[in-house]
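What follows is one structure encoded as structure tokens, with my remarks underneath.
The values are calculated or read from the model by the stated rules, or taken from the named source; none is laboratory data. Being a predicted model, the structure only gives us computed values, none of them experimental. Ideal geometry is used to build each Cβ from the backbone, glycine not excepted, and the neighbour counts take in all protein chains shown.
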Amino acid sequence: MAAVQENSDAQIEELMRRAEQRLQQEEHKELVRRYEVKSFRFPKLSTGDIAKPHIETAEHGTMVLRKESNENAATKSPLHMRKVEDPVTVRKRQAEERKATAGERWYNLPKTDLTPELKRDLQILKMRNVLDPHRHYKKEGGKMRAPEYSQVGKIIEGPTEYHSARLSNRDRKRTLVEEVLAGEQETG
């Protein structure tokens, strides 16, 4: 029985050795599998143009400052002058520019330049019902005020109106006042 026991002890030792080897192989496979799961690939990313450092090391550990290109030097230079405008004056200037004309919808009609002739013409228009009591005009109450935005122009006759609607030189007047007075004298 001892031989059977020795055989069985030898067999048991052999079985134990094989079991140990299989266990080590299983552990090794488990480690490989864990490593494969945890490891991943980094995507290939393009870093683009990386700015070069301004300071470079030369021989013997000395530092060399690199000069920038002229374009960058002008904008980043500490000696570069920047124009700084006061926001209050900028807003005032923009408001004045806006008030200089009536706006885009009114074809940028300029502010009225009130000259003595224009003032007299506007007074005649205001008092036109006094000149001829038989003509009736819409009443305008209040004091005479010049319009905020206006422009005075000259009527240029077209080539088709040469004979029919043309005014002769002696009938033409220099100002609106002269025209109104001449028209009132003709009609009586």
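Of everything listed in (1) in a loop (DSSP other than H, G, I, E, B); (2) loosely packed, with under 10 Cβ neighbours inside 10 Å; (3) of a type in the set (Asp, Glu), the single unmet condition for Asp113 is (2). Does Arg120 fit the bill of being assigned to a helix (DSSP H, G or I), at pLDDT below 90 and touching a helix residue (DSSP H, G or I) at 6+ places or on another chain (Cβ under 8 Å)? Yes, satisfied. Within the stretch 88-110, the set of residues being of a type in the set (Gly, Ala, Ser) and surrounded by 11 or more Cβ atoms within 10 Å (Cβ to Cβ) comprises Ala100, Ala102, Gly103. Among the residues of the stretch 148-188, those identified as loosely packed, with under 10 Cβ neighbours inside 10 Å and under 28 Å from Asn108 (Cα atoms) are Gly153, Lys154, Ile155, Ile156, Gly158, Arg174. Under 9 Å between Cβ atoms, which residue pairs at least 6 apart in sequence (or on different chains) link something in the stretch 129-152 that is part of a helix (DSSP H, G or I) with a partner that is aromatic (Phe, Trp, Tyr) and surrounded by 11 or more Cβ atoms within 10 Å (Cβ to Cβ)? Within 9 Å, the pairs are Asn129/Tyr137. Can you say whether Arg105 is assigned to a loop (DSSP other than H, G, I, E, B) and within 51 Å of the chain's Cα centre (by Cα), as far as the supplied structure shows? Judged against the criteria, Arg105 is not a match.
Screening Arg93, Arg128 for residues that are on the phi < 0 side of the Ramachandran plot and under 32 Å from the mean Cα position of the chain (by Cα) leaves exactly one candidate, Arg93.
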